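Engineer: Pasting in a structure now, in structure tokens, and then I'll have a few things to ask.
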Amino acid sequence: MTTQSEHRRDARLLLATWFFLLVLTAGSFWIADINIAPGAATAAVVLGLAVLKAHLIMGVFMEMREAPRVWMIAMSAFLLALTGALIALF
């Protein structure tokens with residue numbers, strides 16, 4: 001059974017994570033919009049931010065941080081493999 005203080009802490013964590021995801025999304029848009037580096041470098045940075053956002057979503061919203069460690073490792077490996085494939089194709 002969870003207490004009211006645990007619910008408040010969880011709500012604060014969810015809200016803070018959501019706000020940080022908004023900041024990362026705005027940052028991704030800004031980095032892509034200003035086009036400060038060649039296309040491949042910009043794409044790699046934006047893709048890296050997307051991987052970070054995916055990890056936050058998995059850990060906080062999907063509650064993978066409380067699941068068996070093997071699930072988080074498997075999901076992280078999948079994200080890294082997908083990211084590597086996208087970078088190789090680009």
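The values are calculated or read from the model by the stated rules, or taken from the named source; none is laboratory data. Predicted model, so just to flag it, every value in this text is computed and none were measured. As a convention, Cβ positions derive from the backbone with ideal geometry for all residues, glycine included, and neighbour counts pool all protein chains shown.
Engineer: Under 7 Å by Cβ, and 6 or more places apart or on different chains, what pairs join a residue from segment 9-23 that is closer than 10 Å to VAL60 by Cα and of a type in the set (A, V, I, L, M) with one that is assigned to a helix (DSSP H, G or I) and modelled with pLDDT under 95?
Structural biologist: Once the first residue is closer than 10 Å to VAL60 by Cα and of a type in the set (A, V, I, L, M) and sits in segment 9-23, its partners that are assigned to a helix (DSSP H, G or I) and modelled with pLDDT under 95 give LEU13/VAL60; LEU14/VAL60.
Engineer: Go through segment 1-30 and report how many residues are touching a Leu at 6+ places or on another chain (Cβ under 8 Å) and modelled with pLDDT under 90. Don't jump to the end; show me each part of the working.
Structural biologist: Kept after step one, since they are touching a Leu at 6+ places or on another chain (Cβ under 8 Å), are these residues of segment 1-30: 17, 20-21, 24, 27-28.
Now restrict to residues that are modelled with pLDDT under 90: none.
Summing the residues that are touching a Leu at 6+ places or on another chain (Cβ under 8 Å) and modelled with pLDDT under 90 in segment 1-30 gives 0.
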